[in-house]
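Heads up: the structure comes next, in structure tokens.
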Amino acid sequence: MRDLTDTTITEAVISTVREAKDARLAAILEALVRHAHDFVRETGLTEQEWARGMDFLTRTGQKCTPTRQEFILLSDVLGITMLVDALGNRRAAESTQNSVLGPFFRDDRPQAADGSDISAGLPGTPFFFEGLVTDDHGAPVANAGVDVWHSDADGHYDVDVPGLSDPAMRALLRTDGEGRFRFRSIRPSSYPIPDDGPVGEMMRATGRSVMRPAHLHVMIAAEGFQRVTTMLFPADDLYLDQDPVFGVKQSLVTDYASHPAGMGPYGTRTDEPYTLLRHTFVLEPGRSAHDPRPS
């Protein structure tokens with residue numbers, strides 16, 4: 001362990017983790033050390049650059065709160081979150097594809113009856129959703145737990161709406177005997193990721209857009225099927241090809257159809273134009289899932 005050089009230090013460090021009782025932990029730490037050391041050598045990292053990097057990571061941790069996770073945001077914009085998701089959720093082409101969970105899921109969402117208005121009276125374009133959940137043979141999946149959540153017309157989730165204390169624009173629904181579920185809300189909007197912290201500094205330094213395309217989050221869990229965590233994006237959104245968290249998949253881009261004012265779905269009359277979105281979700285058989293919640 002003495003007189004280590006830039007070419008021998010890597011193996012010396014790796015030798016200290018190989019005997020870990022957890023073989024998986026040892027393998028991960030070995031790969032981490034090897035790739036991190038190779039990164040330093042490849043870039044010729046200077047002491048000043050190393051110090052700036054440590055400061056960036058320190059401030060990233062300091063920005064985290066119970067309602068904001070700057071490290072997850074950093075993982076998102078570096079594509080790591082989506083890469084982990086892609087490796088862990090390989091799906092058949094006909095099945096609904098996964099996407100990132102995002103930071104705005106809440107366990108304290110209310111349960112809602114079929115066809116409920118979950119907007120909490122917030123202003124925006126009326127938004128109607130009609131969903132169908134099936135297996136990979138087209139048979140309906142009954143009693144599936146379906147979590148939905150989305151932003152308001154200004155791109156804010158309920159946790160960021162001033163003066164709003166109760167959950168809004170989110171709910172846990174159940175599919176009926178035909179695999180169907182419905183709800184009413186307001187149309188979600190595109191929005192910027194939080195850019196007032198270290199991640200925002202990095203985005204500006206690299207000239208990247210911070211705008212996420214509008215989307216509806218949907219997470220579905222049913223006994224005997226793999227859980228799916230996904231999003232649905234409007235086909236006409238301006239930011240589909242510059243999503244800073246790399247979450248857009250072509251199969252998740254769909255038609256947010258606009259309709260004139262009048263009699264809308266569920267026998268509901270609207271005094272302004274509304275949006276209707278219909279979508280079928282196809283689940284793959286697999287390990288039984290419980291009600292949706294982050295893993």
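Summary table below
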item: Residues located in the range 36-49, provided they are surrounded by fewer than 11 Cβ atoms within 10 Å (Cβ to Cβ) and either small (G, A, S) or outside any loop (DSSP other than H, G, I, E, B) (or both); result: F39, E42, T43, G44, E47, Q48
item: So L83, is it surrounded by fewer than 16 Cβ atoms within 10 Å (Cβ to Cβ) and without any contact (Cβ under 8 Å) to a residue 40 or more places away in the chain; result: yes
item: Boolean, R269 is in contact with a strand residue (DSSP E or B) (Cβ under 6 Å, 6 or more places away or on another chain), under 26 Å from S116 (Cα atoms) and loosely packed, with under 12 Cβ neighbours inside 10 Å; result: yes
item: Strands (runs of 3 or more DSSP E) contained in the range 157-247 and holding at least 3 residues crowded, with 22+ Cβ neighbours inside 10 Å, of a type in the set (D, E, K, R) and on the phi > 0 side of the Ramachandran plot; result: none
item: Filter result (under 22 Å from P234 (Cα atoms) and of a type in the set (K, R)) within the range 173-212; result: R180, R182, R184, R187, R208, R212
item: Enumeration of residues in the range 141-152 that are surrounded by fewer than 16 Cβ atoms within 10 Å (Cβ to Cβ) and over 13 Å from A113 (Cα atoms); result: A142
item: Checking D107 against (1) farther than 22 Å from H217 by Cβ; (2) in the same structural domain as A261 (by TED's automatic domain parsing); (3) among the charged types (D, E, K, R), the condition it does not meet; result: (1)
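Yes/no matrix, rows are residues, columns are (1) of a type in the set (S, T, Y); (2) within 25 Å of D243 (Cβ to Cβ):
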{"residue": "T65", "(1), (2)": "yes, yes"}
{"residue": "R68", "(1), (2)": "no, yes"}
{"residue": "D85", "(1), (2)": "no, yes"}
{"residue": "R91", "(1), (2)": "no, yes"}
{"residue": "S99", "(1), (2)": "yes, yes"}
{"residue": "D107", "(1), (2)": "no, no"}
{"residue": "F127", "(1), (2)": "no, yes"}
{"residue": "G131", "(1), (2)": "no, yes"}
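The values are calculated or read from the model by the stated rules, or taken from the named source; none is laboratory data. None of these values were measured; they are calculated from a predicted model. Quick reminder, even Gly has a Cβ in these numbers, built from the backbone with ideal geometry, and neighbours come from all protein chains shown.
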